[in-house]
Structures are given as C-alpha cells and as structure tokens.
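As structure tokens, the structure follows; a few thoughts come after it.
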Amino acid sequence: MVSLEEFRAYRSPLKDFYDGKYVLLTGGSGFVGKLLIEKLIKCNVAEILLILRRKKGLSPTERLEQLLGKEAVFVNYENDPQLYLSKIRLIEGDISEVGVGISNDDLAYIYERTNIIVHAAADVRFDESLKESIQTNVRGTQEMLKIAEKCRQLEIFTYISTAFSHCVLGVIEEKFYDPPLDPSVLIKASESENDADVFEQLSKKLIEPWPNTYAFTKSLSEEMVRRYKAKLPVAIIRPSIITTTMEDPIAGWTDNLYGFNGVVCGAATGVLRIFHIHMDYKASIVPADTVINATLAVTWYAASHREEDNVYNCTTDDNPVSWRETQHQLEHWKDRIPFDKSLWITTYNTTRYKLVADVLSILYHVLPALFFDALLQLGGQKPRVLKLYRKVHRFSAVLRFFTNNQWCFRTARMRRVLDAMAAGDQQYFPCDAKAIQWNSFLDHQIKGLRQYLMRDPWSTLERSVRRHRLRTFAHWCLLAVLYGGMLYLVVKVLHAYGYIDFTGLHESNLEECLAAEAI
C-alpha cells in the first residue's frame, strides 16, 4: 500500500488534474463511493461535495461519522479524522427525488464551485420494482445532468454504469447504443400514480430481453447521458462484476454480498452447496480498485477529449479468468482459513444444467435445512435455516443469467486511456487488467471476505480450524452412512427381484470351510 505522503509527493498530469478540484459525488455511502472518497482525498481535492440522504433516523452528518469510523477502507481516519472532515462538505439530498431534494443554498454552492461530477449512485438490487429502479437510476441520472448543466466551472460529468447494461448483445462495444424504449416516456409512466399497478404488471414484458430491472434501467440512463453530450462534457465507464479490492488502499476489502462476493461467502460458510454455473465460461469479475482508478483515469482523459464518444468498458477481457480457475484457487484455502461464522464445511458443488441444480438444491439445501431447523426447535430456538435458504435460492436465481452466459467486451478505448497515462501512474492508479495476478488476487479476496465482510477476527482462526476438522470428519461419516445405506437398499431391492443371488455364495463358502477342516 502506498502511503499518503508518498502518494501526495507523486506528480503526473493525471494526479495533478484532481489537485484543488471541487468534486460532486453521488453514491458516497455505497461500496464504490467509499473507495472514491478515500482516493479523492489522497488526490488532495479541494472538497468533495457529498450528497447523502437521511436514513433510518440518522442525519447525513451522523451517517458520515458512522461511515468514516466503521470502514477499514478509510485507512488514515483513525490517526487523522480531520483529513477527511476538512475535505468533505455534506449536501443533504436524495437521488430518487425530483431535483435530488437539494436545498437552494446548497444548489447555489454546487453551481458556483463544482469542477467534476462523478455520479456513482444507483439502486443495484436486481429484484427491485421497475418503478423504483426507473426513478433512482434513470430519473436520478437525468436530475444530476440538469444540475451539471448549471455548473459554471464544470470540466466533466462521469457516469458509472455497468458492462451489463447491454447484456442482450454478445459483443459489447465502447459506444452509445440505442435505448430499448424512450427513457423520458418511462419516467412519466413511473410517476403516474393512476397507472402504478398496471405499470408493475407490465414490467416483466417491458424489460424483456433484459434479465432484470437493474441492467434494463442502466441502459436507459446511458441514453440520458448521451442526450446531454452536446451540452456537457460527459463520460461513461462500464465496469463488469465488481468484487473485492486487489490492493488499493488495502487488499481484499468489500462491504457487500452482491454478485461474486455472495457466491464465495455462501460456499465458504457452507450455506451455498450447489450452484448453477458454466465453469468453463469467463468470469467477468474485476477488482474494485481497478474500477476506481479506471474511473479517475477516464474522468481525467475525457475532460480533455470532449469530441470523442467517451464510453469505456472496464472489464478483464484483456486478462480473462474462468469460473473453474477461480474455484480451483479458492479451494486451496478452504481447510486453512475456514470462516468462524459458518453453517457447515466449505463446498464448491456446481453444474451447468438447471434441472440438475434444482434437484440437488433439494438434497443439499432444503433437506439439511429441515434437519437443522428441527435441531433448533428441539433446543427451544426459532427455526431459521429454511428461511435463509429461500434467500439463497432467490440470490442464485438472479445470478443464473450471468454465470451461464458470457460476453465479449471491447476495450480499445480503455486501452487508449491507459496508453495516455504517465509511466508511474500504474503504481499510483493501478487499473490495467493485464497486470492482475489472479491467484494472488483471489487469495486476498477470500481472506478479505472473512475479515471485512464476515467480521471474523484472525484471533478466531485456530478455533475455526479445529471446528472445521471436526465438521469435516462428521461430514465424511454422514456420507459413509448415507451412501452405505443407499447401497444396502439397492442390493436388497436387486436381491428381492432376483438380480443378485447369494445362495451359491453361501454354499461355496460352506464347502470351502469343510475342505479346510479336512486338511
């Protein structure tokens, strides 16, 4: 990890671009937003204008204090809280509201000072209603563009989309695509209270062939950005499946169970025991710090190349890894760093066939869940394992589309940005997919998921290993009893129908015994 002092001393056109700038940031309380805050403060921006809403009874100020004090990603906060507090100006607002719910005074400040806007806020839930997704992802983007239009010193508006916004295509180019429907029409339809029920009933039909409301509304929001291209300097970056950090600012950090993180954690805790996936397909995963640094590099580059279609795919197609390769590397650690908060031993059972996955989920998930719930009830506790598996199955269902298809993401434009960076930038803004060492990254990932997401301190490791060994022994004993019982039943059935005859075997054994005695 590069120290703050070393980073501040480094100079390059990319690094100097951010020095003293006012950056308006949405989504700062999210996974990507937290990493952006940390990196922008390192870049010595003048101020981060952070849009935060009230949530769960907490004011934006209380949320920020909680955020900075809780997350390990803010590596200098414990020693120097003022480093962060002096650089962050809170703007109370809600991206899902018309006008983003920002006060007139705050808007005046934004219009006067803002140099850079990074719009990272989004509703990332795949199963969210279409109305909510449109109002947050599409209308929210439109409202931010309206604000950007009035910023007198704006140099660039960067929108963080997703590489799967056009997942209905086999090959995804770095360009604007025609939207599936007119986003303005859908915004109006989502705002109509009279047709709300009808709108939701039609949602499945409206989003076809997109797999979920998230990918669908991201494609619409990109169209909103395209419509402002003639008025504003804009850029779009499309990351694929974002997972833990590789090294910047710390290795293996994440704060969510979305996507690949959820699959790895589910398997590591013994909860996810069968998963529907094509193991030989490319895993379109990308380290989170690669995304953050690529976003900052793209923002810098696009600010001085307004005439280009500044659309960039941030993927690892230049250095692909298959799902099978990720599984093999993660399996190296299952006996060495078991998770303390686990239901059973780690398993990585997979199949490319949906029917097989559905049948095995009954054997591997439902039946064990009923067994564990029965034990809980006998102990006077409330059954909860079957309820957990309902969530697991919903999670698996929304990921099925992405783990059983693969895409080709063109990255020529992103490569152009990488080529424009100074020689030392890849040390301080590492974002070249070709430099990813997958085995090392996956090692950091499994350790980071245990430490940062599951909150399992390393002091519990020895206890976890002992319990894991006992569970492994019990697991094999159970399998021996299960398969032994199944074999016994099969033999009994075959014998009952005359396919196996033990009579001759008994007689020959008796004759052999008599012959032995005679000798």
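If both residues of a DSSP beta bridge must be in region 1-123, then about 5% of such bridges are antiparallel. Phi angles of region 297-313 translate, via the Karplus equation with coefficients 6.51, -1.76, 1.60 and θ = phi - 60°, into HN-Hα couplings of 5, 5, 4, 4, 5, 5, 4, 10, 9, 4, 6, 7, 7, 7, 10, 9, 8 Hz per residue; Gly and Pro are given as x. Straight-distance candidates among the lysines for linking to Lys229, with alpha-carbon spacing under 16 Å and chain neighbours fewer than 8 residues away dropped: Lys146, Lys150, Lys175.
Region 168-217 and region 259-336 have Cα centres separated by 25 Å.
If you sort the three axes of the alpha carbon gyration tensor as a ≥ b ≥ c, you get a/c of 1.5 or more for region 127-185 and a/b no higher than b/c, which makes it oblate. Rounded to whole numbers, the Karplus 3J(HN,Hα) couplings from phi for region 401-416 are 4, 7, 9, 10, 9, 9, 10, 10, 9, 6, 9, 5, 5, 4, 5, 5 Hz, using 6.51 cos²θ - 1.76 cosθ + 1.60 with θ = phi - 60°, and x at Gly and Pro. Rolling a 1.4 Å probe across all protein chains gives Leu418 an accessible area of roughly 20 Å². Sparsely packed loop sites in region 186-283 (the trypsin sites (Lys or Arg not before Pro) outside DSSP H, G, I, E and B with at most 13 other Cβ atoms within 10 Å) comprise Lys231. With R₀ set to 45 Å, the beta-carbon distance separating Asp358 from Tyr499 gives a calculated FRET efficiency near 0.90.
As a rough guide to protection, the peptides 313-322, 123-132, 388-397, 471-480 ranked by mean Cβ packing within 10 Å, highest first, stand as 313-322, 123-132, 388-397, 471-480. DSSP bridge analysis restricted to the chain gives an antiparallel fraction near 5%, rounded to the nearest 5. Computing mean projected area of the Cα convex hull in nm² for the structure here picks out one of [x] 24.6; [y] 29.9; [z] 33.5, namely [z].
Taking all protein chains together and rolling a 1.4 Å probe, Ile160 ends up with roughly 10 Å² accessible. Taking amide H as placed 1.01 Å from N in the peptide plane, the amide H of Ser322 sits under 5 Å from that of Ala283, each at least 5 places away or on another chain. Close amide H contacts of Ile156 (hydrogens built in the peptide plane, cut-off under 5 Å, sequence separation of 5 or more or a different chain): Ile117.
Surface composition of region 401-511: carbon and sulfur make up 62 percent of the accessible area, probe 1.4 Å. Note on Tyr483 and Ala230: with the Förster distance fixed at 60 Å, the Cβ-Cβ geometry gives a FRET efficiency of about 0.30. Full extension of the chain between Asn104 and Ala423 gives 110.5 nm of extra length, using 0.36 nm per residue less the Cα-Cα distance.
Applying both filters, DSSP loop and at most 16 other Cβ atoms within 10 Å, to the trypsin sites (Lys or Arg not before Pro) of region 313-388 gives Arg336, Lys341, Arg352, Arg384. Residue separation of Glu462 and Glu97 scaled by 0.36 nm, minus their Cα-Cα distance, works out to 126.4 nm of gained length. Which loop-located GluC sites (Glu not before Pro) does region 48-89 contain, where loop means any DSSP state but H, G, I, E or B and the Cβ has at most 11 other Cβ atoms within 10 Å? Taking region 48-89 and a limit of 11 other Cβ atoms within 10 Å, the loop GluC sites (Glu not before Pro) found are Glu78.
Looking at the chain, the accessible area is 47 square angstrom per residue; that uses a 1.4 Å probe and ignores ligands, DNA and RNA. Our helix-only sum for the chain, with -39,500 (n - 2.57) per DSSP H run of n ≥ 4 divided by its residues, gives a mean residue ellipticity at 222 nm of -15000 deg cm²/dmol. Per-residue 3J(HN,Hα) values for region 43-51, derived from phi via the Karplus relation 6.51 cos²θ - 1.76 cosθ + 1.60 with θ = phi - 60°, read 6, 6, 5, 5, 6, 9, 8, 9, 7 Hz in sequence order (x marks Gly and Pro). Extending 7 Å from Cα along the Cβ direction at Leu257 and again at Ser86 yields two label points whose distance is 4.0 nm.
The amide H of Val311, built 1.01 Å from its N in the peptide plane, has Ile236 as neighbours under 5 Å, considering only residues 5 or more places off or on other chains. Assuming R0 = 41 Å, can you tell me the calculated FRET efficiency for the pair Arg394 and His305, based on Cβ-Cβ distance, to the nearest 0.05? Computed FRET efficiency for Arg394 and His305 comes out at 0.45. A simple spin-label model places pseudo-atoms 7 Å from Cα toward Cβ; at Glu331 and Phe401 they are separated by 3.0 nm.
The values are calculated or read from the model by the stated rules, or taken from the named source; none is laboratory data. On a predicted model such as this, the values are computed, not experimentally measured, just so you know. Every residue, glycine among them, receives a Cβ derived from its backbone with ideal geometry; neighbour counts consider all protein chains shown. For the accessible areas, the whole protein counts, side chains as well, though only heavy atoms, and no ligand, DNA or RNA atoms are used. Shrake-Rupley method; radii C 1.70, N 1.55, O 1.52, S 1.80 Å.
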